[in-house]
Amino acid sequence: MKTIIGNWKMHLGIRESIAHARGVLRSVMGHEVLPEIVICPSFTALSEVRKVLVRTRVSLGAQTMGTERFGAFTGDVSVAQLDDAGCGFVIIGHSERRAMNGESDAIVNAKMKLIAQTSLVPILCVGESKETRAAGKAEVFVAQQLGAALRGVTITKASRLIVAYEPIWAIGSGTSATPADAVAMHNVIRESLQKIGIGASVQVVYGGSVDGAHAYSFLREPGIDGVLVGGASVKIHEFEAIIGAGREVMIAQNV
Ligand code: PGA
């Protein structure tokens, strides 16, 4: 199974989100073999998009969540509220939130612990900066980020975890990592997970300037379980092409 996640970031209003969600549904209609598809609109559009997706094969996710269960936390949205809004997935530790909203490793870890008590699937983002890669420290950095995020988190056999490898330098830059680089880092991620006793039910996806033209080259790699798509996910033809690439790979490889 391949998983395709669309991170709509802060790009779309409610009406546009509804129209876009309908567009995604049109592109999956009539296909028996389909990758798992998750779309992550802004908070404001979640409930309307949920209505569009009800009883379809496209799932709803959120882009972030707060660090508390409930209470006087103005402006925050808790994981329970996301559950209530119909989200099955939530992105955690996206580099934009780490850089712009002070989402530290400790905060990411607190969120992972909260999610572990729910049925939501975390999409945990890790990835190195250009400088870290240039210094030859990318693998150590990503392994540390992963260890910090998952410290004390219980992932049972029944629960799912998606790790998204998103090198910061590739996000929104138009220059993705190569599939070979992504596969190499995915192997590091899997090894690190095994070391900390989290194994089987983890999927590792790649994100960073994925588009319709080259999604296939990532998705065909057995070590890449899917893609996390930002910019191209709000362009319906691009996203359709990425879903199409996922289908082709699944049909060709019978996965
Ligand atoms: P991008 O974003 O596809 O626009 O590079 C990916 C992401 O930020 O998740």
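Being closer than 19 Å to residue 186 by Cα and in contact with a Pro (Cβ under 7 Å, 6 or more places away or on another chain) is the filter here, so list the residues in region 92-132 that pass it.
92, 127, 128
Residues checked against (1) assigned to a loop (DSSP other than H, G, I, E, B); (2) β-branched (Val, Ile, Thr); (3) at pLDDT 95 or above:
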residue: 59; (1), (2), (3): no, no, yes
residue: 72; (1), (2), (3): yes, no, yes
residue: 82; (1), (2), (3): no, no, yes
residue: 86; (1), (2), (3): yes, no, yes
residue: 108; (1), (2), (3): no, yes, yes
residue: 123; (1), (2), (3): no, yes, yes
residue: 132; (1), (2), (3): no, yes, yes
residue: 141; (1), (2), (3): no, no, yes
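Of everything in region 169-191 that's surrounded by fewer than 18 Cβ atoms within 10 Å (Cβ to Cβ) and in a loop (DSSP other than H, G, I, E, B), which residue is farthest from the ligand (Cβ to nearest atom)?
178
Say whether the condition of being surrounded by fewer than 15 Cβ atoms within 10 Å (Cβ to Cβ) and touching a helix residue (DSSP H, G or I) at 6+ places or on another chain (Cβ under 6 Å) is met by at least one residue in region 76-90.
no
Filter region 213-255 down to the residues that are among the acidic types (Asp, Glu) and assigned to a loop (DSSP other than H, G, I, E, B) and list them by number.
221, 225
Looking at 128, 166, which one is surrounded by 22 or more Cβ atoms within 10 Å (Cβ to Cβ), touching a Phe, Trp or Tyr at 6+ places or on another chain (Cβ under 6 Å) and of a type outside the set (Gly, Ala, Ser)?
128
Which one of the conditions (1) part of a loop (DSSP other than H, G, I, E, B); (2) of a type in the set (S, T, N, Q); (3) farther than 21 Å from residue 102 by Cβ does residue 67 fail to meet, given that it meets all the rest?
(3)
Of the numbered conditions (1) surrounded by fewer than 16 Cβ atoms within 10 Å (Cβ to Cβ); (2) of a type outside the set (Val, Ile, Thr); (3) away from the ligand (no atom under 14 Å from the Cβ), residue 244 satisfies every one except a single condition; which is it?
Among (1) surrounded by fewer than 16 Cβ atoms within 10 Å (Cβ to Cβ); (2) of a type outside the set (Val, Ile, Thr); (3) away from the ligand (no atom under 14 Å from the Cβ), residue 244 violates only (1).
So, in region 206-222, of the ones that are within 15 Å of the ligand (Cβ to nearest atom) and among the aromatic types (Phe, Trp, Tyr), which residue ends up surrounded by the fewest Cβ atoms within 10 Å (Cβ to Cβ)?
Among those that are within 15 Å of the ligand (Cβ to nearest atom) and among the aromatic types (Phe, Trp, Tyr), it is 218.
Taking region 39-65, which residues are β-branched (Val, Ile, Thr), in contact with a Leu (Cβ under 9 Å, 6 or more places away or on another chain) and surrounded by fewer than 23 Cβ atoms within 10 Å (Cβ to Cβ)?
Correct list: 52, 56, 58.
Only residues in region 1-22 that are over 25 Å from residue 165 (Cβ atoms) count as the first member; pair them with residues that are near the ligand (Cβ under 10 Å from one of its atoms) and part of a strand (DSSP E or B), Cβ under 9 angstrom, at least 6 apart or cross-chain, and list the lot.
20/6
Could you check residue 14 against (1) over 21 Å from residue 218 (Cα atoms); (2) crowded, with 23+ Cβ neighbours inside 10 Å; (3) hydrophobic (A, V, I, L, M, F, W, C) and say which number it fails?
Condition (2) is where residue 14 drops out.
Within region 192-205, is there a residue that is within 15 Å of the ligand (Cβ to nearest atom) and in contact (Cβ under 8 Å) with a residue 40 or more places away in the chain?
Yes, region 192-205 contains at least one residue that is within 15 Å of the ligand (Cβ to nearest atom) and in contact (Cβ under 8 Å) with a residue 40 or more places away in the chain.
The values are calculated or read from the model by the stated rules, or taken from the named source; none is laboratory data. Treat the numbers as computed from the prediction; the structure is a model and nothing was measured. Ideal geometry is used to build each Cβ from the backbone, glycine not excepted, and the neighbour counts take in all protein chains shown.
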